[in-house]
């Protein structure tokens with residue numbers, strides 16, 4: 001039996017050992033759709049960015065004007081009819097994310113609030129990652145959002161796009177994730193979000209679909225390894241990679257445009273029970289939205 005590295009906090013070792021016991025050994029070349037940056041022991045936050053750039057000879061650029069989570073919405077390989085139906089404001093947000101800021105509300109299921117407090121206490125506060133407020137947020141909280149790109153200096157092509165988000169009022173890291181697209185073994189294209197963790201990462205693969213109102217739905221709902229969903233990936237003490245697919249944990253994000261405003265609802269569920277819900281309002285920055293009415297400018 002393989003073992004997680006012993007040179008770390010016990011709670012990190014225990015969760016990694018759980019993933020090894022219940023998961024499967026993976027070879028990176030066999031699962032390119034799942035591979036992504038791994039975190040080091042200690043604080044994650046955005047510290048992995050410079051290390052990743054140094055390891056792969058990439059150039060780091062922070063908050064470059066006009067950068068987006070996706071270089072083009074066409075990377076989702078939607079049909080012509082789906083692209084035509086998709087709201088232009090949503091396309092602009094994903095292709096030019098750095099031009100926007102977000103505010104959010106959090107609503108916890110009371111039965112799972114203690115779980116949120118426990119995760120924050122044992123992991124999130126310490127490592128600076130996945131720091132979801134454990135109390136209900138009654139008033140809109142502003143998110144400080146930074147888009148970081150890592151570019152190959154030879155080709156000029158962006159290899160990694162990091163979306164680094166902190167809660168403005170506390171400075172705590174909400175999410176520090178690497179965003180891209182991937183193609184599953186079935187041929188389905190998904191949005192891929194990789195959140196580095198000590199000696200591993202949490203990877204969420206979200207399948208896109210377009211609603212009749214022109215909204216975008218991203219859903220991590222699958223049945224087995226190789227489907228959309230939530231994956232733990234970790235490196236054991238000998239450098240071998242392991243992955244555990246969590247079928248019971250699901251994430252659904254609905255982005256829509258309503259009366260010139262962009263809004264999004266994100267719901268996390270466990271065994272079909274709602275854990276929490278985020279409600280986002282997405283504002284275009286004033287200097288970028290001069291003369292624009294859709295979506296509305298930040299005021």
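The values are calculated or read from the model by the stated rules, or taken from the named source; none is laboratory data. Computed from a predicted model, the values in this text were never measured in an experiment. Note that we place each Cβ from the backbone using ideal geometry, even for glycine, and neighbour counts take in every protein chain shown.
Being within 17 Å of residue 46 (Cβ to Cβ), in contact with a helix residue (DSSP H, G or I) (Cβ under 9 Å, 6 or more places away or on another chain) and either modelled with pLDDT of 85 or more or surrounded by fewer than 17 Cβ atoms within 10 Å (Cβ to Cβ) (or both) is the filter here; which residues of the stretch 127-150 pass it? Please lay out each step first, then the result.
At the first step, the residues of the stretch 127-150 found to be within 17 Å of residue 46 (Cβ to Cβ) are 127-131, 143-150.
From what's left, in contact with a helix residue (DSSP H, G or I) (Cβ under 9 Å, 6 or more places away or on another chain): 127-131, 145-148, 150.
Of everything in the stretch 127-150, those that are within 17 Å of residue 46 (Cβ to Cβ), in contact with a helix residue (DSSP H, G or I) (Cβ under 9 Å, 6 or more places away or on another chain) and either modelled with pLDDT of 85 or more or surrounded by fewer than 17 Cβ atoms within 10 Å (Cβ to Cβ) (or both) turn out to be 145, 146, 147, 148, 150.
Please specify each residue of the stretch 6-35 satisfying the condition of being assigned to a loop (DSSP other than H, G, I, E, B) and under 17 Å from residue 194 (Cβ atoms).
Initial filter on the stretch 6-35 (assigned to a loop (DSSP other than H, G, I, E, B)): 6-9, 23, 27, 31-35.
Those that are assigned to a loop (DSSP other than H, G, I, E, B) and under 17 Å from residue 194 (Cβ atoms): 23, 31, 32, 33, 34, 35.
Restricting attention to the stretch 42-72, which residues are outside any loop (DSSP other than H, G, I, E, B) and touching a strand residue (DSSP E or B) at 6+ places or on another chain (Cβ under 9 Å)?
47, 48, 49, 50, 52, 53, 56, 59, 60, 61, 62
Here are 218, 205: which of them is under 13 Å from the mean Cα position of the chain (by Cα) and farther than 30 Å from residue 237 by Cβ? Even if it seems obvious, please write down each step before you answer.
Details: 205 fails: farther than 30 Å from residue 237 by Cβ.
Exactly one of 218, 205 is under 13 Å from the mean Cα position of the chain (by Cα) and farther than 30 Å from residue 237 by Cβ, namely 218.
Got a sec? Which of 82, 95 is surrounded by 14 or more Cβ atoms within 10 Å (Cβ to Cβ) and touching a strand residue (DSSP E or B) at 6+ places or on another chain (Cβ under 6 Å)? Outline the logic, then answer.
Values: 95 fails: touching a strand residue (DSSP E or B) at 6+ places or on another chain (Cβ under 6 Å).
Within the list 82, 95, the selection yields 82.
Can we say residue 102 is over 17 Å from the mean Cα position of the chain (by Cα), at pLDDT below 95 and not in a loop (DSSP other than H, G, I, E, B)?
On the way: over 17 Å from the mean Cα position of the chain (by Cα): no; at pLDDT below 95: yes; not in a loop (DSSP other than H, G, I, E, B): yes.
No, not satisfied.
Out of the residues in the stretch 267-295 that are part of a loop (DSSP other than H, G, I, E, B) and crowded, with 18+ Cβ neighbours inside 10 Å, state the one that is modelled with the highest pLDDT.
Restricting attention to the stretch 267-295, the residues satisfying the condition of being part of a loop (DSSP other than H, G, I, E, B) are 271-272, 285, 289-295.
Now drop any that are not crowded, with 18+ Cβ neighbours inside 10 Å, which leaves 289, 295.
Working: 289: 55, 295: 68.
Per the criteria, the residue is 295.
Within the stretch 1-14, track down each residue that is buried (at least 17 other Cβ atoms within 10 Å of the Cβ) and without any contact (Cβ under 8 Å) to a residue 12 or more places away in the chain. So that I can check it myself, show each step before the final result.
Applying the first criterion (buried (at least 17 other Cβ atoms within 10 Å of the Cβ)) to the stretch 1-14 yields 4-5, 12-13.
Residue satisfying the conditions is 13 alone.
List pairs: first in the stretch 78-107 and touching a residue at least 12 places away in the same chain (Cβ under 8 Å), second part of a helix (DSSP H, G or I) and surrounded by fewer than 17 Cβ atoms within 10 Å (Cβ to Cβ), Cβ under 7 Å, 6+ apart or cross-chain?
Final answer for the pair search is 99/288.
Return yes or no: is residue 118 free of Cβ contacts under 8 Å to residues at least 24 places away in the same chain, surrounded by fewer than 17 Cβ atoms within 10 Å (Cβ to Cβ), more than 17 Å from the chain's Cα centre (by Cα) and closer than 26 Å to residue 200 by Cβ?
Values: free of Cβ contacts under 8 Å to residues at least 24 places away in the same chain: yes; surrounded by fewer than 17 Cβ atoms within 10 Å (Cβ to Cβ): yes; more than 17 Å from the chain's Cα centre (by Cα): yes; closer than 26 Å to residue 200 by Cβ: yes.
So residue 118 passes the test.
Name every residue in the stretch 244-264 that is outside any strand (DSSP E or B) and touching a strand residue (DSSP E or B) at 6+ places or on another chain (Cβ under 7 Å), in order of residue number.
If we filter the stretch 244-264 for residues that are outside any strand (DSSP E or B), which is where we start, we get 247-248, 259-260.
Residues satisfying the conditions are 247, 248.
Scan 162, 173, 194, 204 and give me the residue that is under 18 Å from residue 62 (Cβ atoms), surrounded by 18 or more Cβ atoms within 10 Å (Cβ to Cβ) and either at pLDDT 95 or above or touching a helix residue (DSSP H, G or I) at 6+ places or on another chain (Cβ under 7 Å) (or both). Show your work before the answer.
On the way: 173 fails: either at pLDDT 95 or above or touching a helix residue (DSSP H, G or I) at 6+ places or on another chain (Cβ under 7 Å) (or both); 194 fails: under 18 Å from residue 62 (Cβ atoms); 204 fails: under 18 Å from residue 62 (Cβ atoms).
After applying the criteria, what remains is 162.
Looking only at the stretch 223-234, which residues are touching a residue at least 24 places away in the same chain (Cβ under 8 Å) and more than 17 Å from residue 36 (Cα to Cα)? Break it down into steps so the answer makes sense when it comes.
As a first pass, look at the stretch 223-234 and keep what is touching a residue at least 24 places away in the same chain (Cβ under 8 Å): 223, 225-234.
Matches in the stretch 223-234: 223 only.
Among the residues of the stretch 240-266, how many are on the phi > 0 side of the Ramachandran plot and buried (at least 18 other Cβ atoms within 10 Å of the Cβ)? Step through it out loud before you land on a result.
Of the residues in the stretch 240-266, the ones on the phi > 0 side of the Ramachandran plot are 259-260.
Cutting the leftovers down to buried (at least 18 other Cβ atoms within 10 Å of the Cβ) gives us none.
Number of matching residues: 0.
Here is a check on your reading of the model: is residue 237 surrounded by 20 or more Cβ atoms within 10 Å (Cβ to Cβ) and either at pLDDT 95 or above or within 20 Å of residue 39 (Cβ to Cβ) (or both)? Talk me through it step by step, then tell me what you get.
Working: surrounded by 20 or more Cβ atoms within 10 Å (Cβ to Cβ): no; either at pLDDT 95 or above or within 20 Å of residue 39 (Cβ to Cβ) (or both): yes.
Against the criterion (surrounded by 20 or more Cβ atoms within 10 Å (Cβ to Cβ) and either at pLDDT 95 or above or within 20 Å of residue 39 (Cβ to Cβ) (or both)), residue 237 does not qualify.
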